[in-house]
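Encoded as structure tokens, the structure appears first; notes follow it.
The values are calculated or read from the model by the stated rules, or taken from the named source; none is laboratory data. Bear in mind the structure is a predicted one, so any value in this text is a computation, not a measurement. All Cβ positions, glycine included, derive from the backbone under ideal geometry; neighbour counts span all protein chains shown.
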Amino acid sequence: MCALVLALAVSCTGGTSSRTPTATVSAVSSPATEAPSATAAPGAILLRVGESAEIPEGVALIVETGCWQCDGDYGRLVRIYRDASGALQETPLLNVRGGHAVSPDGSQVAYSWCSRGACDGFNPTSPDVQSSIQWSNDGGITATTFGPFDGVYDVATVTRGLLVASGQTADLQPLPLLRFPSGDVFTPPPGGAYPVSVGWDYIDWLTADRTAIQFGPDVGPLDLGAGHEIARVQVESPSGDRLLVDWHERLPDGDIRFYASIASWADQRWRIDHTFLLDGSVGRSGLWLDADTLIGTYEFRAADLSASAGSSNGLGSYLLPALFDLKTNTLHPIVEPFASKPPYAGGRNFVLAVMRGPFARVANTGSCLNLRTEPRADAPVRICAADKVLLRTLGHEETADGTAWIAVAMPDGVVDGWVSDEFIDR
């Protein structure tokens, strides 16, 4: 996956601009920096900008668009990928109204919102405030609603099978963590304070000072040391033995340096393999495409690109998805459609998840498509996938009674079955 980016406040003007670009934007190769600033962490590698790239074949990105402090959309989620013909397919997902979380594989999408009272962050929270939570298990197309709950709850983290929400009262007193689908109170392990998705099927915990990740009673923590605050963690694979850790340190002069470190589990301990200095970057941490490639979001200065499209964030820079080549320490911006087309132009373009193909998108059912246990029309139904759900094909096809059947899996990979190709687009 790609570029490593940290989500701190970014001001922008104009929101999701619909202005026509004045020029085509492409990457400009810049020389590799021999060494980062003397104030950077020892051994940190400064990234360089390479040629532009396209959205990789066989993956779909879930991207958060919109911007802060502007009149544009806030928090819109869009799924985007290239179909078999090479055309871009873009689908708006759940109408996010508040805090949200997406699992690394894109199968789980959840968000919380104030279903009663006010909690918009700009006005005092009303005493009668209540929150509700929606959780999607099909990649953000349909969802189950939980709540309402007294207080202001946010989705802390979500994995396949488990969602954790944290909350506070109107007068800012902490509320117990809740886990779903049960709705039970969730008690952190000793020393654990903030749940993080370190695997696709489980969670681990950051310590209260956010300097270390706890992995359970039988595994030692990954501790970055005092003054090094972890922002987020991404796992390479379901085994969880290789991580990307975004963190930052505050310098004596008050400046903040942002880093991303790759950590691996070897010889019964965690070790840091590489650390990258994220010079002037904002956004979301990278997600893994393979062992040597990440994908994420990076703030590219106008000087890094061949021309200004007239649709940057108002600060002379572009937040773009990018491929990060670990072998060469090079960033490859994915310029189109993110630099010039609504709803991406001028927005955050945070890559939140990567779904794996090849894909079969449910289409033209009017309701949902049955996944059957066998390739025949009278076989039992395992699940019904709604229109626009992005199924993953499994490489098996059969013809029965004149109907072509394709083996597919739901986005979470837990449920699979056979579907008629009459109701899918590839």
Task: Failed condition for D138, given (1) buried (at least 20 other Cβ atoms within 10 Å of the Cβ); (2) more than 30 Å from A60 (Cα to Cα) - done: (2)
Task: Output for the range 337-346, where each listed residue is surrounded by 19 or more Cβ atoms within 10 Å (Cβ to Cβ) and farther than 14 Å from G296 by Cα - done: A339, S340, P343, Y344, A345, G346
Open item on the list: Here is a list: A84, A23. Which entry is in a loop (DSSP other than H, G, I, E, B), modelled with pLDDT of 80 or more, of a type in the set (A, V, I, L, M, F, W, C) and over 15 Å from the mean Cα position of the chain (by Cα)?
Closed with: A84
- [ ] Among residues belonging to the range 168-202 that are exposed (fewer than 11 other Cβ atoms within 10 Å of the Cβ) and in contact with a Leu (Cβ under 8 Å, 6 or more places away or on another chain), point out the one that is nearest to P221 (Cα to Cα).
- [x] T187
Open item on the list: Quick check on R48: is it at pLDDT 85 or above, surrounded by 13 or more Cβ atoms within 10 Å (Cβ to Cβ) and closer than 26 Å to T145 by Cβ?
Closed with: no
TODO: May I ask you to list the residues in the range 207-258 that are among the hydrophobic types (A, V, I, L, M, F, W, C), within 23 Å of the chain's Cα centre (by Cα) and over 18 Å from A193 (Cα atoms)?
DONE: V235, L243, L244, F258
TODO: Within the range 206-230, track down each residue that is farther than 21 Å from A266 by Cβ and β-branched (V, I, T).
DONE: T207, T211
Task: Selection within the range 369-419 - in contact (Cβ under 8 Å) with a residue 60 or more places away in the chain and among the small types (G, A, S) - done: A385, A386, G413
Task: Inter-residue pairs, beta-carbon under 6 Å, first free of Cβ contacts under 8 Å to residues at least 40 places away in the same chain and in the range 289-304, second hydroxyl-bearing (S, T, Y), 6+ apart - done: R301/S317; A302/S308
Task: Failed item, numbered, when T393 is tested on (1) assigned to a loop (DSSP other than H, G, I, E, B); (2) buried (at least 17 other Cβ atoms within 10 Å of the Cβ) - done: (1)
